[in-house]
Amino acid sequence: MRRRGVRNNIERRDRELPYIADREVLEEYRACRKLLHRLNHTDLADFAALKAIVKELLGKSENAVINPPFFCDYGFHIEVGKNFYANYNCTIIDVAKVVIGDNCLMGPNAAIYTAGHPLHPAARNSLYEYGIGVTIGDNVWIGGGAIVLPGVHIGSGSVIGAGSVVTKDVPAMSLAAGNPCRVIREIIAEDIRYYFRDREFDEESAAEIKRFMEK
C-alpha cells in the first residue's frame, strides 16, 4: 500500500516534482524511441508518411512538419498549434509540457530543454531530476542553434536570434538574441517592409503579403 502523499515517478514528473527515471518512466521513453526511429529512418521525400508519424508522435498538432532527424523524450508532452515547422536536427526534451502556438518555426539545431538536474552534486548523484514546462506563443521564430531552457515563456510574435541561450521570459513582439538572450528591440509595424535587414520586399511580394493580411 502506497503511503499517503507518495506518488509514483510518472506522477511526480508530470507534476514538475523531482523524480527518478525508473522502469515505468523508461517504458514511456522506449515507446517514444520507437516512433523516433520510424521518423528518422523514413524516406525524406515521403512527406505524407513523415507528417503521419509526426501526428502520431506529438501530443497535439495540426499540419505540423518536422524535418528529420528530430529528437525528444516522450512526444506526448509536446503540444503545437497550426502549421508548426521544425528544421533539421531539432531537439525538444519534453520531460515537462512544451506548449507552442500557431505558425511557429524552429531553425536547424534549435532546442527546447525542460529537463534539469539539482545543482548540488550529492543531490544530483541521488538520480533525482526534474522537468519545468516551456510555453511559446503564436507566430514565434526560434533561430538556428538557439536553446530555450526550462521554465521559459516566449511571447507571441517574437524572434529569437540564432545561437541564443534563452534563460528568462521574452515578451511578445520582441527581437531577442545573445547568451544569455536579451531583448534587442521591439518588433514594430514598419518591419513588415523588410525581409532581411534593410532589403525591402519587391512590389509583387509586398502586394501578396498585403492580400494575405486582408484574408
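The values are calculated or read from the model by the stated rules, or taken from the named source; none is laboratory data. Computed from a predicted structure; not experimentally measured. Side chains are part of the model used for accessible areas, which takes the heavy atoms of the whole protein and leaves out ligands, DNA and RNA. Shrake-Rupley method; radii C 1.70, N 1.55, O 1.52, S 1.80 Å.
Tell me the angle of helix 47-57 to the major Cα principal axis of the chain, expressed in degrees between 0 and 90 and rounded to the nearest ten.
The angle comes out near 40 degrees.
Across the range 138-150, in residue order, what do the Karplus-derived ³J(HN,Hα) couplings come to in whole Hz, using 6.51 cos²θ - 1.76 cosθ + 1.60 with θ = phi - 60° and x for Gly and Pro?
Running phi through 6.51 cos²θ - 1.76 cosθ + 1.60 with θ = phi - 60° gives 7, 6, 9, 10, 9, x, x, x, 6, 10, 9, 9, x Hz.
Would you mind computing Rg(Cα) / (2.2 N^0.38 Å) for the range 149-215, counting N as its residues?
1.33
Mean residue ellipticity at 222 nm from the helices of the chain, using -39,500 (n - 2.57) per DSSP H segment of n ≥ 4 over the full residue count, to the nearest 500 deg cm²/dmol?
Taken over the chain, the calculation gives -7000 deg cm²/dmol.
Leaving out ligands and nucleic acids, note down the accessible area per residue over the range 1-90 with a 1.4 angstrom probe, in whole Å².
62
Over the chain, what percent of the accessible surface lies on carbon and sulfur atoms, probe 1.4 Å?
That share works out to 55 percent.
Could you list which residues have their amide H under 5 Å from that of Val80, counting only those 5 or more apart in sequence or on another chain, with H placed in the peptide plane?
Lys60, Ser61, Ile100
Could you derive backbone 3J(HN,Hα) for the range 76-83 from the dihedral phi with the Karplus parameters 6.51, -1.76 and 1.60 (θ = phi - 60°), listing whole Hz in sequence and x where the residue is Gly or Pro?
My calculation for the range 76-83 gives 5, 8, 9, 10, 10, x, 6, 6 Hz in order.
Suppose a student asked you for the relative contact order of the range 39-83, using Cα pairs under 8 Å spaced at least 6 residues apart; what percent would you report?
It rounds to 39 percent for the range 39-83.
Per residue, how much accessible area does the range 129-173 have with a 1.4 Å probe, in Å²?
38
Using only the alpha carbon atoms of the chain, find the Kirkwood hydrodynamic radius as the inverse mean reciprocal pair distance, in angstroms to one decimal.
18.7
Helix 23-40 versus the longest principal axis of the chain: what angle, 0 to 90°, nearest 10, using Cα atoms?
30
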